[in-house]
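For reference, the structure discussed in these notes is given below.
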Amino acid sequence: MLKLIKTLFPKKQPREAYSAEQLRIAFKGRYHAFKLLLNANNRALDVMAEMEKALKGTWPFGMNFVRSRCTRVSTDVFQIVKNLNDLTPGKYNALLNKFKEIQTKINPFIRPRSLSPEGPLVMLLRDVDRGMADQVGSKLANLGEIRKQIHVNVPRGFAITAWAYEHFMQSNSLQEEIDRRIQAADVGELDRLYALSASIQQLIIGSPVPEDLSTAIMEQFQLLEKEEGRRITVAMRSSALGEDLPGTSFAGQYRSELNVSGEHLLQAYKEIVASKYSLTAMSYRLNRGIRDEDVAMCVGCLRMVNAVSGGVMYSRNPVNIRDDAVLINAIWGLPKSIVDGSATPDLFLISRGDPMVIRQKQIAVKDQKFVCYPDEGVCRLDMTGEESQKPSLTDEQAIELARLAVMAEDYYRTPQDMEWAIAEDGSVVLLQCRPLQQVHKEQEEEKEEGTKAAGTVVMSGGVTASPGVASGPVFMVKKDVDALQFPQGGVLVADQSLPRWATLLNRAAAVVTERGSITGHLANVAREFGVPALFGVKDVTDVLKNGQTVTVDAEGLRIYEGRVDELLKREEAPRNLMEGSPVHEALQAAAQLIIPLNLLDPDAPTFKPDKCETFHDITRFCHEKAVHEMFQFGKEHQFPERSSKQLLVDIPMQWWVLNLDDGFREEVEGKYVKLENIVSLPMLAIWEGIAAKPWAGPPPVDGKGLMSVMFEATRNTALVPGVRSNYGDRNYFMISKNYCSLNSRLGFHFSTIETLVSERASENYISFQFKGGAADFERRYRRVVFIREILEQYDFRTDIREDNVIARIEDQEMDYMKARLQILGFLTIHTRQLDMIMSNPASLNRYWSKITKDIQELFQVRQNLSL
């Protein structure tokens, strides 16, 4: 019989001890999953914010940025889904399928392009036309086209194709290694980009050319020599894929090798391929949003023209779309010193018409020229005396060149940028032809050309290489190392307008040089970037000083001391150089599946997994459900009173505390815990509100109130000092250092607070519910409206369901959250039994004034303590 009784009535202590331990384990597991989810959510939102900022064009980025951010946000969102399923096993499995669906849609926008289709390794230039730009690059395609269609004299030669480039890169496994190095580097820092560029170029130059490719190149070179009937040298010119993208010029970004012999053909080829990763080229692609994989480096091998004179011509004025004059820059010898900006050339402006007329001619003093060595290579010769001051073109040659420019423009139906040479026999040879990038600036009626602004002019003269006005501190650039120290917003001042200074244009406010011309590579890129540039300003490096603030008026050909706001206010805001580029479009397309938020209302019937259309929707859904699941912890788990500690305080109510994790300062023996041993941040904040002011007892009840309230409720003495009742016992805290769940029953009034408060704002939340009462429904309803109006003053989001008010705050700083918990603690005590006076306006107003005043005083005390 004794055994039977023991079986039917087992001791409860061991079961309760076990359930308390289980409760701790359950809390730790859920809390851990919740924190991991919030951490992943924060990371995902940070990446989304970074992507949004990038789309605004605030800084340049490449496909490595696009791929890495898409991969990172994908990883974070997957972790969010996983952690939600850990928090609520099996409840939201449908989210994983939705995640996979969105990821599949993103993949095409970030997948590297497929290799160029297999084709010939080399192609004769005479067989090339502009329809073959994807095989030989736009430069060579245009040269072949213009040779065929308008019968212009171009050098004989052949193209080393895009497939040859792919074959070279594949045979040495170069692309994989290059991608790895780019991904590991911080390309936003110029010094690191410089080191990356050098390492990649060395890698390419040190790799062997595949045997079949070297054989094809040498065989074509030998055929070219046979056609010429003599030993020849060639000019090897870059012709990369992607150079024909709208709004891009690629001027001076890649290498060309002049007067190359057959013995060094393969080495020159590798050096030109390696120039795809030169500092200027990598910086240009980064700033213009051009994908690395879109640039296959084709190379033209063209018979070398030992030019008597050479230069560059534009079929129209690049800085004034209303000026249709042909602009020609010419110099003695090879045109190299014009395109690289190391010399100031002769200028010829030729008006269209029949006959054409030379409108303007400026003959510069040309102190040097580049010529071919007899065997190989080029050298610079100093020029003195009469030859340096003679025109490098006759008037007849200038007119012939202008006619050629107009013919090319008429054929292509767009202005042209052309490089040319005068051969030893006097014939005109076209070396390059590409679309001209013109500047389209709004003309201001009140602004007349040459009008001088108020301000001190420190220098004047030169030519407008790129229009505009800008101000900033002068920074002299003489050596490559100077570029590493160039400040954001500086005015770049240099002796020569060298192409390598193009790497600084994304930081430069303006550019001023002593030498250079409107047709040089740096001028081209400055116009693309919208950076004012003034070239050919004599003695500018001697007159201006480092750190001196100046205003550069490129159109007015003047440099002013200090800032001239009269000029600067006319300038347009800089445009987003990335917009419309392949990289920008890839990010934009992927971002449409990542950033938009469609799930806005958690209470809407559409707030469910199958309505998630973006990664942001998934993060929103998971965050909402994760917080909801944490809110439910205190409700779903019964409080084991015997395993908890009673709080030892002077307030005449019983409060029980269960330490779930690290809510106590030290382990507590016995059944009581003192307040000073509590380290739970949210519990202590709640307690400050509870203990802030003593409760004055139930409000006086009028006759109408009395009729609506049960007798035992209206005279409830459970919470009056010295009186014990079961109603006063049921106030339970479950705590950890950052977590608190309070379930409080005071009379017929029930309230719960569930909160997480830490130094990480994104983890913080408060959930509060208050319901019940002894009066009729109307009075109970008025009380929750009363509480809601107070809470909304302190930024709680609230909802009322019958006689239940629900309030919530999340994602706020720790001190902010602690202050709101004080309010909830205060209201938990001081709003009980107010339902009895809710039909009495005078009493209601009095209590409203008192409670709001007390809360304001509580806030003031907290602010003073924080100070």
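Some values worked out for this structure:
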{"item": "Tabulated pairs, the stretch 595-612, first under 24 Å from VAL47 (Cβ atoms), second open to solvent by 70 Å² or more (accessible area, probe 1.4 Å) and modelled with pLDDT of 90 or more, C-beta under 6 angstrom, 6+ apart or interchain", "result": "ASN598/GLU613"}
{"item": "Residues satisfying the stated conditions in the stretch 175-230, i.e. basic (Lys, Arg) and more than 20 Å from VAL260 (Cα to Cα)", "result": "ARG180, ARG181, ARG192"}
{"item": "Subset of the stretch 11-36 [at pLDDT 75 or above and of a type in the set (D, E, K, R)]", "result": "LYS35"}
{"item": "Scan of the stretch 653-673 for residues that are surrounded by fewer than 18 Cβ atoms within 10 Å (Cβ to Cβ), in contact with a helix residue (DSSP H, G or I) (Cβ under 8 Å, 6 or more places away or on another chain) and under 17 Å from LYS28 (Cβ atoms), ordered by number", "result": "ASP661"}
{"item": "Only listed residue being of a type in the set (D, E, K, R) and modelled with pLDDT of 90 or more, chosen from ARG322, ARG316", "result": "ARG316"}
{"item": "Unique match (being assigned to a loop (DSSP other than H, G, I, E, B), at pLDDT 85 or above and open to solvent by 50 Å² or more (accessible area, probe 1.4 Å)) among LYS91, LYS82", "result": "LYS91"}
{"item": "Where GLU676 falls short, out of the listed (1) in a loop (DSSP other than H, G, I, E, B); (2) under 24 Å from ALA819 (Cβ atoms); (3) modelled with pLDDT of 80 or more; (4) open to solvent by 70 Å² or more (accessible area, probe 1.4 Å)", "result": "(1)"}
{"item": "Residue in the stretch 210-231 that is modelled with pLDDT under 85 and part of a loop (DSSP other than H, G, I, E, B) present", "result": "no"}
{"item": "Positions within the stretch 778-812 being of a type in the set (A, V, I, L, M, F, W, C) and assigned to a strand (DSSP E or B), in sequence order", "result": "ILE800, VAL805, ILE806, ALA807, ILE809"}
{"item": "Among the residues listed as SER839, SER843, the single one being open to solvent by 20 Å² or more (accessible area, probe 1.4 Å), modelled with pLDDT under 85 and more than 46 Å from the chain's Cα centre (by Cα)", "result": "SER839"}
{"item": "Scope the stretch 336-348; condition in contact with a Pro (Cβ under 9 Å, 6 or more places away or on another chain) and under 13 Å from VAL371 (Cα atoms); matching residues", "result": "SER337"}
{"item": "Count of residues meeting criterion [open to solvent by 40 Å² or more (accessible area, probe 1.4 Å) and free of Cβ contacts under 8 Å to residues at least 60 places away in the same chain] in the stretch 323-338", "result": "1"}
{"item": "Of residues in the stretch 155-192 being over 30 Å from the mean Cα position of the chain (by Cα), among the small types (Gly, Ala, Ser) and surrounded by fewer than 20 Cβ atoms within 10 Å (Cβ to Cβ), the one nearest to GLU227 (Cα to Cα)", "result": "SER171"}
{"item": "Residue in the stretch 679-696 that is modelled with pLDDT under 65 and not in a helix (DSSP H, G or I) present", "result": "yes"}
{"item": "Single unsatisfied condition, LEU349 versus (1) crowded, with 18+ Cβ neighbours inside 10 Å; (2) part of a loop (DSSP other than H, G, I, E, B)", "result": "(2)"}
{"item": "Residue in the stretch 813-821 that is of a type outside the set (Lys, Arg), modelled with pLDDT of 75 or more and more than 38 Å from the chain's Cα centre (by Cα) present", "result": "no"}
{"item": "Output for the stretch 366-404, where each listed residue is in a helix (DSSP H, G or I) and closer than 24 Å to SER342 by Cβ", "result": "GLU386, GLU387, SER388, GLN389, GLN397, ALA398, LEU401"}
{"item": "Cβ pairs under 7 Å, 6+ apart, first in the stretch 365-391 and closer than 29 Å to VAL260 by Cβ, second in a loop (DSSP other than H, G, I, E, B) and open to solvent by 50 Å² or more (accessible area, probe 1.4 Å)", "result": "CYS372/ASN306; CYS379/TYR373; ASP382/ASP367; MET383/ASP367; SER388/VAL365; SER388/ASP367"}
{"item": "Yes/no for LEU245 being open to solvent by 40 Å² or more (accessible area, probe 1.4 Å) and at pLDDT 95 or above", "result": "no"}
{"item": "Meets criteria (on the phi < 0 side of the Ramachandran plot, open to solvent by less than 30 Å² (accessible area, probe 1.4 Å), at pLDDT below 95 and over 31 Å from the mean Cα position of the chain (by Cα)) for GLU145", "result": "yes"}
{"item": "So ASN39, is it within 25 Å of LEU190 (Cα to Cα) and modelled with pLDDT under 85", "result": "no"}
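Residue-wise test of (1) within 30 Å of GLU257 (Cα to Cα); (2) open to solvent by less than 40 Å² (accessible area, probe 1.4 Å); (3) at pLDDT below 90; (4) not in a helix (DSSP H, G or I).
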residue: MET418; (1), (2), (3), (4): yes, yes, no, yes
residue: HIS440; (1), (2), (3), (4): no, no, yes, yes
residue: GLU448; (1), (2), (3), (4): no, no, yes, yes
residue: THR451; (1), (2), (3), (4): no, no, yes, yes
residue: ALA454; (1), (2), (3), (4): no, no, yes, yes
residue: MET459; (1), (2), (3), (4): no, yes, no, yes
residue: PHE486; (1), (2), (3), (4): yes, yes, no, yes
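The values are calculated or read from the model by the stated rules, or taken from the named source; none is laboratory data. Predicted model, so just to flag it, every value in this text is computed and none were measured. All Cβ positions, even for glycine, are placed from backbone atoms using ideal geometry, and neighbour counts span all protein chains on display. The accessibility values were calculated without ligands, DNA or RNA, using every heavy atom of the protein model including side chains. Shrake-Rupley method; radii C 1.70, N 1.55, O 1.52, S 1.80 Å.
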